[in-house]
């Protein structure tokens, strides 16, 4: 979870300089998404408590977690590289300017 905050801080520093409110709003959105995930987990757990003893009671929550994990992995493919990674990579110097 801390890697996401570092990524947001690095990208925000390079894209929007001098706007601390934008950084705090992005962290607030991340926190709201985390709270929504915990709330969803509690409601799924509550809903599965009414299912009679069957394999659905533990398979459905696992499948739901896999669905969100796959969506996250697909979304990561569309994120730009962080400037810190680009500066440490063996790419030509002009490639750093394309990420800003």
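Please treat every number below as a calculation from the coordinates, not as lab data. Computed from a prediction, not measured in an experiment: that's the story for all the values here. All Cβ positions, glycine included, derive from the backbone under ideal geometry; neighbour counts span all protein chains shown.
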Please find the FRET efficiency linking residue 28 to residue 56, where r is the Cβ-Cβ separation and R0 is fixed at 30 Å, and quote it to the nearest 0.05.
0.25
Separation of the residue 71 and residue 36 label points, Cα + 7 Å toward Cβ, nm
0.8 nm
